[in-house]
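Visitor: Here it is: the structure, laid out below.
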Amino acid sequence: MPGREHEIPLRLVQNQPAMAPALLESLGFDIPHHTEAVNTSSVLTNCDPRELNSDGAVLLRDGDRNVLAIVVERQNGRDAEKRLTWPAYLTTLHTRLECPTMLVVLCPTDALARWCAAPIRTGHPGFDLAPLTIGPSAMPLIVDGERARELPELAVLSARAHGDDDPRTLNAVVEALNNTASRNRAFYYDYVLAGLNEAARKELEGLMSVETYQWQSDFARKYVGIGREEGREEGRVVEATRNVVSILQARGFSLPEATRERIESCTDLETLEKWVPLAVTADRPEDLFD
């Protein structure tokens, strides 16, 4: 079952779809002009009975025109079978949205990023996929406060990847936390803090103190004493959501987009925990909501 290390980077992209083109830009790719970046369905099933679900998918639009679709995967280990599905993700999404498609794989280590980047040979001449991968060293370095406020979620990943060696990223993530939705602040902070070494963790905790930083919001005051529990509860919500979806899929149900969206948009832990056992016995996914 995927855990927090798998889910949190994906939640950051879901919360801020504009991260997907920003990650591609960091790899040196030109991004087409677009007026919005929105999450699109990550269910990439074709007529094969096997259901294909990517970890995430973002669609860039220019007005009413689709200009680029980006599949976002989080890979925590070497999984040769998973790699075989990636070309299918791109071709299926290309067929559905009728626009160019690209794949970005987020990896916790540079060694895994190199492994994931190896070309996937399909056998057809010229039809090989070389996945675009981002490990810690390739993660964009966000040290500018203005950039951090513009894309707080990217600043979170930057601080997680570079915070041990570059304290500027810690200053930037403080700016980012002060400019993101209040429901995400404790969760994001807890994620960054958990990935830092002891020295960097103390540095960030010092920056977060009310005496050190002139907060424009009440985040720091609210976080003291309760923030860690809020972060843990957010993690439990993510895990419970994943459990409900995984159980239903393991039982052979194909989730309609509206049903999946209703499950994944639920943030009430008590409700999600009631849905987990119901997912085991329900005759159909919609019975969860009765």
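Visitor: Can you give me the distance in nm between label points at D287 and N66, each placed 7 Å from the Cα along the Cα-to-Cβ direction?
Guide: The answer from the label model is 3.4 nm.
Visitor: Still on this structure, I have one more. Stokes-Einstein at 25 °C, 0.890 mPa s, Kirkwood radius from Cα pairs: D for the range 74-136 in µm² s⁻¹? List each step's numbers first, then the result.
Guide: Numbers: Rh = 12.3 Å.
In µm²/s, the coefficient rounds to 200.
Visitor: May I ask you to list the residues of the range 155-182 whose amide nitrogen lies under 20 Å from a point 7 Å from Cα along the Cα→beta-carbon direction of D144?
Guide: Residues passing the 20 Å test: 155-163, 166-180.
Visitor: Rounded to the nearest 0.05, what FRET efficiency do K274 and H94 give with R0 = 30 Å and r taken as the Cβ-Cβ distance? Could you check? Please report the intermediate quantities before stating the final value.
Guide: Details: r = 39 Å, r/R0 = 1.29.
Efficiency, from the Cβ-Cβ distance: 0.20.
Visitor: Now, a different point. Using only the Cα atoms of the chain, construct the convex hull and provide its projected area averaged over every direction, in square nanometres to one decimal.
Guide: The directionally averaged projection comes out at 16.5 nm².
Visitor: So for the range 60-182: antiparallel DSSP bridges make up what percent, rounded to the nearest 5?
Guide: Working: 5 of 14 bridges.
Of all bridge pairs located within the range 60-182, approximately 35 percent are antiparallel.
Visitor: Let me ask you something else. Whose amide H sits under 5 Å from the amide H of V67, counting only residues 5 or more places off or on another chain, with H placed in the peptide plane?
Guide: Under 5 Å from the amide H of V67: L60, R61, D62.
Visitor: Summing -39500 (n - 2.57) over the DSSP H runs of n ≥ 4 in the chain and dividing by its residue number, what mean residue ellipticity at 222 nm do you reach, to the nearest 500 deg cm²/dmol? Working shown, then result.
Guide: On the way: 12 runs with 150 residues, N = 290.
Rounded to the nearest 500, the figure is -16000 deg cm²/dmol.
Visitor: Calculated FRET efficiency, I31 and T122, Cβ-Cβ r, R0 22 Å, to nearest 0.05? Each step should come with its number before you reach the end.
Guide: Numbers: r = 26 Å, r/R0 = 1.18.
Computed FRET efficiency for I31 and T122: 0.25.
Visitor: Amide H of I31 versus every other amide H placed in the peptide plane: which residues, excluding those fewer than 5 positions away on the same chain, fall under 5 Å?
Guide: none
Visitor: Over the range 145-217, with a single point scatterer placed on each C-alpha, what log10 of the ratio I(q)/I(0) does the Debye formula yield at q = 0.12, 0.18, 0.19 1/Å?
Guide: After summing over all Cα pairs, the log10 values are -0.25, -0.58, -0.66.
Visitor: Looking only at trypsin sites (Lys or Arg not before Pro) in DSSP loops with at most 13 other Cβ atoms within 10 Å, what is the longest site-free stretch of the chain? Write down the numbers at each step before the final one.
Guide: Values: sites that count: R50, R78, R251.
The answer is 79-250.
Visitor: Quick one: Cα convex hull volume of the range 234-289, Å³ per residue? Don't jump to the answer; show the numbers that get you there.
Guide: Working: hull volume 3.5 nm³, N = 56.
In the range 234-289, the Cα convex hull volume per residue is 63 Å³.
Visitor: If you don't mind, there's one more thing I want to ask. Grab the Cα-Cα distance for K82 and R183, subtract it from 0.36 nm times how many residues apart they are, and report the gain in nm with one decimal. Walk me through the intermediate numbers first.
Guide: Details: separation 101, 0.36 × 101 = 36.36 nm, distance 3.27 nm.
Stretched fully, the K82-R183 segment lengthens by 33.1 nm.
Visitor: Tally the DSSP beta bridges in the chain and give the antiparallel ones as a percent, rounded to 5. Please report the intermediate quantities before stating the final value.
Guide: Working: 14 of 23 bridges.
Taking every DSSP beta bridge within the chain, about 60 percent pair in antiparallel fashion.
Visitor: Please state the charge dipole magnitude for the range 234-289, taken about the Cα centre, from unit charges on C-beta atoms (+1 on K and R, -1 on D and E), reported in debye and rounded to the nearest 20.
Guide: Details: 7 positive and 11 negative charges, 40 e Å.
Charge dipole of the range 234-289: 200 debye, to the nearest 20.
Computed from the coordinates by the stated procedures, all read-outs in this text should not be read as laboratory data. These numbers come from a predicted model, not from an experiment. Cβ coordinates were reconstructed from backbone atoms using ideal geometry, including for glycine residues, and neighbour counts include every protein chain displayed.
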